[in-house]
Each structure stands twice: as structure tokens, then as C-alpha cells.
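To keep things clear, I will list the structure first and then write my remarks on it.
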Amino acid sequence: MALPNSLPRAADTHDDTATAAGSHEPAATGVEPTPVTASPASGKGWFGEHLALALILPLGLAIGWEAAVSFGYAEGRLMPPPSRIASTFQDLALYGDLWLHVWATLWRVLVGFALGAVAGIALGAISGASGLIRNLLDPTLQALRSVPSIAWIPLFILWFGIFETSKVMLIAVGVFFPVYLGVAQGILSIDRKLVEVGRAFRLSRLAMARRILLPAILPETLTALRSGLGLGFMFVVAAEFMGASEGLGYLLVDGQQMGLTDQIVAAIIAFALLGKAADWLLVTLTSPLIRWQDTVRERL
Amino acid sequence: MLTLSHLGKTYADGTQALSNINLEARAGEIAALIGGSGCGKTTLLRLAAGLDHATGGTISLDGERITGPHPAVAVVFQEPRLLPWLTVADNVGFGIDHLPRNERESRIEHALARIGLAEHAGRWPRDLSGGQQQRVAIARALVTRPKLLLLDEPFSALDAFTRASLHGALLDLWEDVRPIVLMVTHDVSEAVTLADRAFVMRARPGRIHDELPITLARPRVQTSTGFEQDVRRLLEALDEARQPPQTERAAQAAGHWW
């Protein structure tokens with residue numbers, strides 16, 4: 001292929017100014033690269049559209065079940081209609097101790113999440129960075145990972161007592177494993193070429209960890225934290241089954257013992273809302289940290 | 001002065017990648033290493049970068065032995081290898097974090113202006129084309145003001161026009177600092193366009209077969225007679241380097257099977 005007769009200088013050519021937006025402008029036009037515009041994903045309309053789509057299924061089911069009970073096609077004793085659940089929810093919020101239960105559950109999840117996440121990140125980082133520690137730790141941790149949450153309860157009660165410590169520890173165990181796994185795998189899958197850039201710039205071990213390894217594993221770590229938080233909400237139910245006097249798990253047990261299906265469903269809904277809100281908060285707080293990622297998310 | 005003396009590299013499995021490499025490059029000189037695949041060009045560059053260890057011989061820069069990554073040596077890899085979590089400006093300034101803020105910012109600004117990407121300073125690498133990313137990689141290496149710049153086929157994945165533009169960007173930045181440049185390429189035109197000297201390598205084991213000076217004035221016009229003559233000379237040397245050594249040829253002619 002014939003090359004240009006004389007070598008152009010970088011400042012006066014724009015032959016490689018195509019941007020990720022896909023605009024290829026010929027050199028002759030001298031057109032500036034297309035600025036990267038805000039993705040439609042960030043628009044208000046997009047949010048409304050997605051919210052509407054997300055609500056279709058639950059609202060459809062609720063309306064259908066309400067109608068079925070109202071018109072006598074179903075009794076609604078074992079599965080109360082939405083109106084009765086809403087009324088129970090309202091009563092619990094206004095006259096009952098819903099907020100006390102929500103706060104008790106939330107506090108346990110937050111403390112357990114913090115403990116599990118810190119331990120998971122620390123051990124995951126050590127295990128990912130050192131082959132020796134990985135060979136020492138990983139087989140045991142992988143074996144423990146497959147132990148069901150319920151199996152820990154008797155032991156934890158004996159070790160930590162019946163009160164808060166055993167509950168928080170159980171949640172911490174639930175959070176620990178996905179975070180440990182995510183961080184360790186994240187470190188192992190860091191692009192070798194990026195590490196080599198750090199080596200070429202003579203980064204110390206600490207600088208390499210701070211400037212290359214940590215930013216590189218941030219997306220995997222945040223995904224692991226989300227999984228950990230989700231498991232934290234699962235484990236809190238098991239924790240609150242073991243003799244709690246407050247918490248959403250207690251409301252479930254109390255509802256079962258008293259035959260209050262509307263209270264059970266109200267507690268389940270409270271769990272779902274609380275879990276979703278916590279996940280949303282985590283994503284909202286952490287997404288600015290990974291906005292550099294070149295992902296397909298905004299285009300789907 | 002960059003001096004490679006009796007340099008050799010043999011891998012743990014016994015593969016001899018480089019043998020008895022002797023090379024000298026003067027300050028401000030651009031030297032091209034050219035040869036077919038597997039002749040050890042990249043291995044040689046990695047040894048000079050301190051990213052690998054030689055199993056024989058020495059590398060020294062202005063009399064100082066290089067045994068690992070060195071502050072006076074900068075590398076541009078085949079791929080841009082920009083850090084995706086840093087903006088374009090922060091990528092350019094990655095290696096000069098130790099400098100005072102004003103000095104650092106002024107070097108980054110100057111380098112970005114030189115490569116025509118000043119208005120892209122705050123963007124993410126993902127927003128740039130391949131050619132733009134490679135310009136940033138070159139700027140990142142040169143803002144450290146190295147004495148030795150190592151280029152490992154940084155233009156090989158780019159189209160001809162982008163490549164020509166990047167040659168310009170490289171020469172612009174090189175003019176500022178005028179380090180010794182040791183570049184690996186398998187493109188004869190590129191070697192003649194940029195280099196003051198081309199070292200032709202041959203394989204099994206990798207060694208320097210020939211050394212050709214390129215004395216054309218810059219900017220070099222690719223359609224000029226001188227350019228075409230140098231390209232032809234280099235192609236002939238490459239052809240020669242691909243032939244088996246004299247002793248092997250003689251043995252083949254005599255019908256020996258070894």
C-alpha cells in the first residue's frame with residue numbers, strides 16, 4: 001500500500017481520531033473526534049421506562065390475586081390478597097414495631113456484612129497474591145464454603161451464645177465466602193500486561209497494589225460485595241430463627257406460630273424492599289468508582 | 001551510549017533465544033531491530049527494559065549496568081496497555097508521580113499538545129481509537145524524559161495512515177528529549193522511515209546478522225530514490241539473514257544429512 005509522500009505531524013492530522021462512538025472521519029476533512037455523549041441509559045425517560053417494565057409482573061400478579069379473592073375464586077387464607085397485606089403492613093408500621101424489627105435486621109446485616117467483607121477482602125487479597133498462602137488456605141475455605149448456613153447455628157450458639165454475637169457472626173460467614181472468592185479470583189485474573197506496565201515503571205510492591213492491582217480488581221470486588229450483601233440478607237433470616245425477639249426473621253417465626261399469613265407475607269415483602277434498597281445503595285455509592293469500565297451495560 | 005555486550009538468553013528449557021549480541025547506540029540515535037518472527041527481537045528488547053534477565057553478557061547505559069527496570073529507560077509495548085481506570089492525562093503522567101504537581105502537569109499538557117490530544121485529557125482510554133491510545137502510550141513513556149526509549153512494534157496493529165501519523169507523533173516527541181531509541185519492527189519501510197541504523201537479525205539462535213546505516217535527511221519521503229534504495233538494501237539483508245549459515249549450506253550441497 002502506498003504511504004503518504006511525507007510524514008504528517010501528529011498535531012495537524014486527524015486520521016486516527018475515531019472515538020468509541022464509532023465515528024471515522026477521513027483525514028482530509030479535519031473533523032474533530034465526536035465527543036462522547038451522555039448515554040441514553042442515564043436519561044430520565046430510560047429510568048421511567050425500566051421502572052414501568054419492572055413493575056408489570058408484580059403488579060399484574062397482585063391485581064390478579066386481589067381480583068380472584070374479591071370475586072370469591074380463592075379464599076385468601078393461606079395466601080392473603082394484597083389489600084390485606086397492605087393493611088397489615090400499615091398497622092405494623094403505625095401501631096406495631098415494624099421499624100424496630102427493620103432496624104434490628106438492618107443492624108445485624110450491616111455489622112455482619114462489614115465483618116465478612118473486611119475478612120473476605122483481606123484473605124482474598126492475600127490468597128490471590130501469594131501462591132503459598134493460596135495453597136494453604138484455599139482448600140479448607142472452599143470446603144467450608146459448601147457447609148449450609150443452618151449447620152453453623154448450633155455451633156455458633158455454643159460458641160457465641162444465643163444473643164447478638166452469634167447472629168452477626170453467622171451473617172459474617174455468609175458474606176465472607178463470596179467476597180473472598182471474588183477478590184482472590186479478581187487478583188488471579190488481572191491482565192499480566194498491566195502488571196508489566198507497573199514493573200516497567202519500577203513500582204514498589206505497595207505502589208503496585210495501590211496503583212494497579214486494587215483498581216484492576218475493583219469491578220470484581222464490587223460484584224462480590226453485592227453477592228455478599230445478598231447472602232447477608234439470606235443468612236439474617238437463619239440467624240433470626242435462632243431465638244430472636246426482634247427482627248424481620250422474628251416476625252416470620254411469630255407469623256408462623258400465630259397462623260398470621262399476612263404478617264409473614266408483609267415480613268417477606270419488607271425483606272425484599274430492604275434487600276433491594278441496600279443493594280441499590282451499594283451500587284449507587286460504588287458505581288462512580290468503576291465508571292471507567294468499557295462495558296456493554298449502557299448499550300443494552 | 002547504550003552498549004549490549006556478548007548478550008545471550010537461554011530459557012530454562014534449553015531454548016537459546018539470543019546468542020552473542022553486540023550492539024552500540026549513541027545518544028540521540030534511533031536504532032531499529034528488524035528480522036523475521038522468532039529471531040529474538042522482543043526478547044532482546046525485554047532484556048534491555050530489565051523485564052527479563054540475560055543469561056550471558058551485559059547491557060549498560062552510559063556505563064551503568066542494567067539488570068532490572070531502570071528510571072532512565074522507558075518502554076512502549078506492542079499494545080498501548082493504558083490503565084483503563086485513569087484518564088488520558090493521568091495515564092500520560094503515570095510515570096512522573098514523584099514530580100512536583102506543577103512540573104507534572106506542565107509535562108503532561110505539553111506532551112498531549114504534541115500528540116494532538118490536548119482536548120482528550122479528561123477522557124477515559126476507552127473513548128480513544130487504537131491510534132490515539134498508542135500516541136498516549138508513547139507520550140507516557142517520553143514524559144519521563146528517558147535516556148533510552150524501547151519500542152516493541154508499537155505500530156504493528158495499526159493501519160498504514162495511522163501508522164504514518166504516529167511516526168510523526170513519535171518524531172515530534174523524540175525531538176523534545178532526543179533519547180536513544182531502540183525499536184523492534186518487522187516493517188522495512190518503518191525502519192527506513194525512522195531509524196538511523198538498522199540491525200538485521202537472524203534466528204536460531206537470535207543474533208545480529210548485519211548492520212545498515214540509514215543516512216537520509218528527515219522528514220523522509222517514501223517515494224524518494226534514496227528511500228527506495230535503503231528499503232532495497234534492507235530487504236536484501238533480510239533475505240540473506242533468512243538463508244541458512246554458510247557451513248550449513250556447504251553441508252547441504254555436499255549431501256550431508258546433518
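The values are calculated or read from the model by the stated rules, or taken from the named source; none is laboratory data. Computed from a predicted model, the values in this text were never measured in an experiment. As a convention, Cβ positions derive from the backbone with ideal geometry for all residues, glycine included, and neighbour counts pool all protein chains shown. These area figures cover heavy atoms from the full protein model, side chains too; ligands, DNA and RNA do not enter into them. Shrake-Rupley method; radii C 1.70, N 1.55, O 1.52, S 1.80 Å.
General remarks:
- Relative contact order for chain B, counting Cα pairs under 8 Å that sit 6 or more residues apart, in percent: 26
- Only Lys, Arg, Asp and Glu carry charge here, each on its Cβ (+1 for the first two, -1 for the last two); on that basis the protein assembly as shown has a dipole of about 1040 debye about its Cα centre.
- Projecting the Cα atoms of A:Leu155, A:Leu282, A:Ala200 onto the charge dipole of region A:75-286 (Cβ charges, centred on the Cα centre) puts A:Ala200 farthest toward the positive pole.
- Residue list for region A:76-116, given a label point 7 angstrom along the Cα-to-Cβ vector of A:Ile63 and an amide N cut-off under 15 Å: A:82-83
- Crossing angle, helix B:101-114 versus chain B [Cα axis fit, 0-90 degrees, rounded to tens]: 60
- Site pair B:Gln243 and B:Arg26 shows an inter-label distance of 3.2 nm when each label is modelled 7 Å from Cα along Cα→Cβ.
- Rounded tilt (10° steps) of B:160-177 against the dominant C-alpha axis of chain B: 70
- Residues of region B:149-170 that bury at least 20 Å² of accessible area once all protein chains are present, compared with their chain alone (1.4 Å probe, heavy atoms only, ligands and nucleic acids left out), are B:Ala160, B:Phe161, B:Thr162, B:Ala164, B:Ser165, B:Gly168.
- Length released on extending from A:Trp46 to A:Leu94, taking residue separation times 0.36 nm less the Cα-Cα span: 13.8 nm
- Folded to 0 to 90 degrees: helix B:225-242 orientation relative to chain B principal axis, Cα: 50
- When the chymotrypsin sites (Phe, Trp or Tyr not before Pro) in region A:67-113 are filtered for DSSP coil states and for at most 12 other beta-carbon atoms within 10 Å of their beta-carbon, the remaining sites are A:Phe71, A:Tyr73, A:Tyr95.
- The residues of region A:175-244 expose on average 42 square angstrom of accessible surface per residue, using a 1.4 Å probe on protein heavy atoms.
- Annotated for the protein assembly as shown: lysine pairs at least 8 residues apart or interchain, Cα distance under 25 Å, count 8.
- In this rough spin-label picture, where each label sits 7 Å from Cα along the Cβ direction, the A:Ile162-A:Ile190 distance is 4.8 nm.
- Extending 7 Å from the Cα toward the beta-carbon at both A:Met258 and B:Met1 defines two label points whose distance is 9.3 nm.
- Using R0 = 41 Å, the C-beta based FRET efficiency linking B:Glu211 and B:Glu175 works out to 0.95.
- Near the amide H of B:Gly206, within less than 5 Å, lie the amide hydrogens of B:Leu18, B:Ser19, all on another chain or at least 5 residues away, with H placed in the peptide plane.
- Only protein heavy atoms count here, probed at 1.4 Å, and on that basis chains A and B bury about 4100 Å² of accessible area in total.
- Ligands, DNA and RNA are left out, and with a 1.4 angstrom probe the accessible area of region B:125-214 is 26 Å² per residue.
- Shown for the protein assembly as shown: the carbon plus sulfur share of the solvent-accessible area, taken with all protein chains present and a 1.4 angstrom probe, equals 61%.
- Of all DSSP bridge pairs formed entirely within region B:1-153, close to 75 percent run antiparallel.
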